[in-house]
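As structure tokens, the structure follows; a few thoughts come after it.
Every number in this text was worked out from the coordinates using simple rules, so none of it is lab data. Given the structure is predicted, the values throughout are model-derived calculations rather than measurements. Every residue, glycine among them, receives a Cβ derived from its backbone with ideal geometry; neighbour counts consider all protein chains shown.
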């Protein structure tokens, strides 16, 4: 390698390190944009038992995963600084209102976020389902989150059966919920009308 090529390589490397350092300073030490999913859709998933967690909710209560058994649950990993999460928030809020009386529960888990920002996000989008903060990302790691937003669907028996990366639109979210409700005889709404 020539001296000019070596010098250009060093300049490029220094510029890259400087850019990364600037990004870390701007994000408060958290490389946030690297955590936002850039590919969207359903991800392959081997059904498994849902990892247990206890979540400190933004309203001061706590929610344990064990308390969700018997319901179809959608766990959404999000952050207030995530553009696709903000895009999806009104969709989740609306669809939750439609399905909550049918044995469906949503749980939002803000990952690597500031509590004040997370509270403002929940208020801004009028999110009625429980939301809490996973400041260190432990719950996200247990679930295998690779970026945000990500959603995990859990059967009433406590099995994680589907995973979606990126934001979902209302039609797709409803379709998934209907499919899971139809396949779960444990939910009252999924049983259908009583035989005559």
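Quick notes on this structure:
- As a proxy for reagent exposure, 155, 62, 146 were ordered by neighbouring Cβ count within 10 angstrom, fewest first; the result is 62, 146, 155.
- Beta bridges per DSSP, both residues in region 30-188: antiparallel share near 60 percent.
- Note on residue 56 and residue 87: the model spin-label points, each 7 Å out from Cα along the C-beta direction, lie 3.3 nm apart.
- Hypothetical label at residue 123: residues of region 41-61 whose amide nitrogen lies under 19 Å (7 Å Cα-Cβ projection): 57-61
- Annotation for residue 98 and residue 171: the two label points, set 7 Å from Cα along the Cα-Cβ direction, are 1.2 nm apart.
- Distant alpha-carbon pairs in region 30-188 (separation over 25 angstrom), percent: 21
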